[in-house]
Every structure is written in C-alpha cells, then in structure tokens.
Amino acid sequence: MIGPTQAGELGSMTNSVSEIADDSVVNVSDTLKESQVMEVLHQLDQELVGLKSVKTRILEIAALLLVDRMRRGLGLTSRPPALHMSFTGQPGTGKTTVALRMAAILHRLQYVRKGHLVAVTRDDLVGQYIGHTAPKTKEVLKRAMGGVLFIDEAYYLYRQENERDYGQEAIEILLQVMENQRDDLVVILAGYKDRMDTFFQSNPGISSRIAHHLDFPDYTLEELLAIAQLMLAEQMYRFSPEALQAFEAYLKRRMLMPRFSNARSVRNALDRARLRHANRLLAKGGNVSKIDLMTIEAEDILASRIFHDEIPDSEQQAAIK
Amino acid sequence: MAFHLTQGTFSFLPPLTDDEIYKQVQYCLDHDWPINVEFTDDPHPRNSYWEMWGLPMFDVKDAAAVLYEINECRKAYPHHYIRVGAYDRSKGRQTIAISFIVNRPTNDPGFALGRQEAHDRVMRYSLHSYATDKPKGERFTD
C-alpha cells in the first residue's frame, strides 16, 4: 500500500527539482544584501555588549533562514524550521531586548510576516474563572500572529501545587498553536534558568517543541562598564575619568550584594547618579557649562550608600540602594 | 445552476479560496480596519444582523489570526453562511467598509418570489428563503 505512494511522491519530487538545472547558482552576498539582515545583526552586535553565545546562535539561525530562502528560490522545498525559543538567564541580562531584535531579524528574513513583538506574562494568558482562560489566551495568540510572542517568566504558567490551576489550560492552547501554526508565530519563553528548567521538566510537551534554548550569561565587570557607558552615551551624558573609576568600584561592591540584576542595576545606578548630578549643579549655582551638564563626576557616584555601609545591615536596604 | 447568494463584495465571483481571503483580510488590517466574523442561516438580504462569532478583532496585525477564527467558525457552523466585515472608523460612518462571504452552505435552495395582490391591481413583491421554512439550526445540512 505504501510503496506506490512513496514512489509517486519521489517521482514528483525529482520532477520539481529537475525543473531548475542542477548547476544554477544564487549569489550569497546578493541574498544577504537583499534581506538587509546584516544591518540588524550589526546593530545587535554594536548595541548589546557581550552575550557571545547568544549572538552566535542568532547568527546561525539567520544563516539557516537565508539558506532556506536561497533553496526555495531554486525550487528546493523544505518544511520551515520551528523557531520557538527559550531565553534563560538572570534578571537584566538582555532577554527582552534580544527578543525585540529577534522579531526584527525574523521579519527581515521573511520568517514572520509582520515582525512585531507581543510581550505578555501569566496575567495576560490565564483567566480568573472557569472558561475565562481559553478566550484570553487565544486573544493574545491572535494579536501575536505574524510576529513574536514573548512570554516573560513563563514558569508562572505552571503551578505545581495547584493541579486545578488554569495555567495548565493556557499551556495546552499554547502547545496546540505552537505546533499547528508555526508559520504564523514564534513563541519565546523567558525566565530565570533554574525555574525554567523545572518548568520544562514538568511540561515535556513544551520543552520538546522548543528548538532553541538560549542561555544568557551574567555580565562581567568590564561588560557592565561598557554597558554603563553605552547607556550614558545614549542619553548624552558621560563619565569623567575619575567617575569611571568610581563606578567600577561601585560595581565591584554592588555585584557582591544580593539582588544584583546586571544591566538593570547599572541603569538604576546611573539614574541615581544623574539625580545627584542635577542636585550638585543646582546647589553650586552660578554659571554652568555644557561640559558640566554632560559630565557625571566621581562625587555623584561616591555619594552612593554602597560606599558608606561597609556591610549592608539588611538585604532589603541593599536592594533599595 | 445551483443557487448562489450574492451579498457583499466579491459575491459575483466564484467563492474565494483561503489564500484569497487571507489577502483581502490583510488588506483590511493594513488599513487599520477591525475585523468581525458573523454567521447566519437566514440569508434574506434584509437580515442585516447576523450572529457575531466572538468579539470584533481590534489588535490583530496578521490575517492568520482572522483566518483562524473563520476556520473555528466553519468548524462550529459548517453549513451556515459566514461573512467577514471590516469597519473603517476614520470615516466616522456607521457602516462597515467591506463585507464578504467566506463560507456557504452546499445546498441553499434559494428564494421564492412572493406576489401579493393589493388594491387597484397594485402588485407587492416579497422574497422568501426556502431554507427559513425549517427551524433555526436545521435549515442547511449536507
């Protein structure tokens, strides 16, 4: 029974392949240029410090999609690859930012049609009473179609302690759509590494449908400094040389403290430094030059409480500071 | 020739394929027109209030989402008329910008023309869908 069908399929396949001569060529650099994907990749490289392994994987995915496109151009059909992903890493390691870029990259490579990112959490997917969850989840999925659905802290969807939790229903609908409509949207699940691992263990269906598990490593001190300078440059500020040293000392202390969240902590520290910078200028009075308005001095950073409390008396305060 | 209901846009064309529906819906979405899916088994031309399949879709960007709902509606009501409407709010009008049928029953018997003799040899005409002789839900089958 199976024999003839297979032969038939093979026959038709060889036919469609032979329509285009085997020695026909496509130019790789033309396809690259046409897709404009290099710009986004370049931007990714420029604006995101570190994350070597993540960038490599994104490059690989981009290469696969490009080659897929060239193959299609020559009549070599293959199923589009499943591109659902999981981003794991500590807070502030750039998961959301990369997800945004991912949407743009996949759009340039024509894998998704629109390239928008819909970022949701458990609240947006799971309902409050019986029958509320399915329409809610479907609504979100519909909004995300043609783009990327980013589920932050995805492990909250599954509550082990309560087997009647509606999260399970949301997961089931999600699975169905991830499987049946993978041309229509890409799902990215994100969260802390250890909790995501438990989540995947208790939901093998989800884990097996995710092709790419990307782990976001913590930033090193040098990378954090580079991030700080990038952030400042974006807002047209800059460190004085002494301030840079002070900030390095600040980071060294801050990194040892609890609840250090990488780039997010850097951003918060800079925001507070700006606050002190502004207060210092106001207190000084008189004429202020453009350089003064741009430059964050060491004293703006050294005023931080991290330098005064040698040993943080409680974690809570350390986190606030 | 079997009866073919002509209501809304494209209704004199052969039924749209899913690819064609996708493109038309995407056109609507690209113009920022929210989409609504409706169904009925009472195809009288003056029956303007078809039943709504869910709420209008406001935040959808890609037609795949609308097609998903159309297919869900087809699953639930395979023998009903299903149409897609799109509303252009920029005009401030209380009517939709486009409406077209995306699903038809296979065997609609069509309409009867009723004639009523009125005063002074005046003739009044009416349309009557044969299907509506049966109760709701039993009108169209395989």
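The values are calculated or read from the model by the stated rules, or taken from the named source; none is laboratory data. Bear in mind that the values here come from a model prediction, so they are computed numbers and not experimental data. FYI the Cβ positions are ideal-geometry reconstructions off the backbone, even for glycines, and counts take in every protein chain you see.
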Within the range B:67-75, identify whether any single residue is surrounded by fewer than 12 Cβ atoms within 10 Å (Cβ to Cβ), within 14 Å of another protein chain (Cβ to nearest Cβ) and without any contact (Cβ under 8 Å) to a residue 60 or more places away in the chain, and answer yes or no. yes
Every residue from the range B:118-142 that is surrounded by fewer than 12 Cβ atoms within 10 Å (Cβ to Cβ) and not in a strand (DSSP E or B): B:Ala118, B:His119, B:Asp120, B:Arg121, B:Val122, B:Asp133, B:Pro135, B:Lys136, B:Gly137, B:Glu138, B:Thr141, B:Asp142
Flagged in the range A:240-293 as closer than 14 Å to A:Ser304 by Cβ, of a type in the set (Ser, Thr, Tyr) and under 26 Å from the mean Cα position of the chain (by Cα), in numbering order, are A:Ser265
State yes or no: is B:Pro43 in contact (Cβ under 8 Å) with a residue 60 or more places away in the chain and not in a helix (DSSP H, G or I)? yes
Under the condition of being within 14 Å of another protein chain (Cβ to nearest Cβ) and either aromatic (Phe, Trp, Tyr) or touching a residue at least 40 places away in the same chain (Cβ under 8 Å) (or both), which residue from the range B:46-66 is farthest from A:Asn180 (Cα to Cα)? B:Phe58
Considering residues that are surrounded by 14 or more Cβ atoms within 10 Å (Cβ to Cβ) and under 30 Å from A:Asn268 (Cβ atoms), the number found within the range A:199-236 is 18
Which of the residues belonging to the range A:102-126 are in contact (Cβ under 8 Å) with a residue 40 or more places away in the chain, more than 9 Å from chain B (Cβ to nearest Cβ) and either assigned to a loop (DSSP other than H, G, I, E, B) or of a type in the set (S, T, N, Q) (or both)? A:Leu109, A:Gln110, A:Tyr111, A:Val126
If we take the range A:1-47, then helices (runs of 4 or more DSSP H) inside it with 2 or more residues that are at pLDDT below 50 are A:2-19
Do we find a residue being in contact with a Lys or Arg (Cβ under 7 Å, 6 or more places away or on another chain), surrounded by 19 or more Cβ atoms within 10 Å (Cβ to Cβ) and at pLDDT below 85 anywhere in the range A:79-86? no
Hey, could you check the range A:235-247 for residues that are part of a helix (DSSP H, G or I) and in contact with an Asp or Glu (Cβ under 9 Å, 6 or more places away or on another chain) and say which is farthest from A:Gly92 (Cα to Cα)? A:Glu242
Collect the residues in the range A:146-178 that are within 20 Å of A:Ile61 (Cα to Cα) and within 14 Å of chain B (Cβ to nearest Cβ), keeping them in residue-number order. A:Gly146, A:Gly147, A:Val148, A:Leu149, A:Met178
Can you pull out the residues in the range B:89-142 that are closer than 24 Å to B:Met52 by Cα and of a type in the set (S, T, N, Q)? B:Ser90, B:Gln94, B:Thr95, B:Ser99, B:Asn103, B:Thr106, B:Asn107, B:Ser129, B:Thr132, B:Thr141
Meets criteria (at pLDDT 90 or above, closer than 17 Å to B:Phe3 by Cβ and of a type in the set (Asp, Glu)) for B:Asp120: no
Does the range A:131-148 include one or more residues that are within 28 Å of A:Arg259 (Cβ to Cβ) and either touching a residue at least 12 places away in the same chain (Cβ under 8 Å) or in a helix (DSSP H, G or I) (or both)? no
Restricting to the range B:1-40, name every residue that is in a loop (DSSP other than H, G, I, E, B) and touching a Pro at 6+ places or on another chain (Cβ under 7 Å). B:Phe3, B:Leu5, B:Gln7, B:Pro34
Members of the range A:180-207 that are over 21 Å from the mean Cα position of the chain (by Cα) and away from chain B (no Cβ under 14 Å): A:Gln201, A:Ser202, A:Asn203, A:Pro204, A:Gly205
For the range A:170-196, name all the residues that are in contact (Cβ under 8 Å) with a residue 12 or more places away in the chain, surrounded by fewer than 21 Cβ atoms within 10 Å (Cβ to Cβ) and farther than 22 Å from B:Val60 by Cα. A:Tyr192, A:Lys193, A:Arg195
Answer yes or no: is there a residue in the range B:92-105 that is surrounded by 13 or more Cβ atoms within 10 Å (Cβ to Cβ), small (Gly, Ala, Ser) and away from every other protein chain (no Cβ under 13 Å). yes
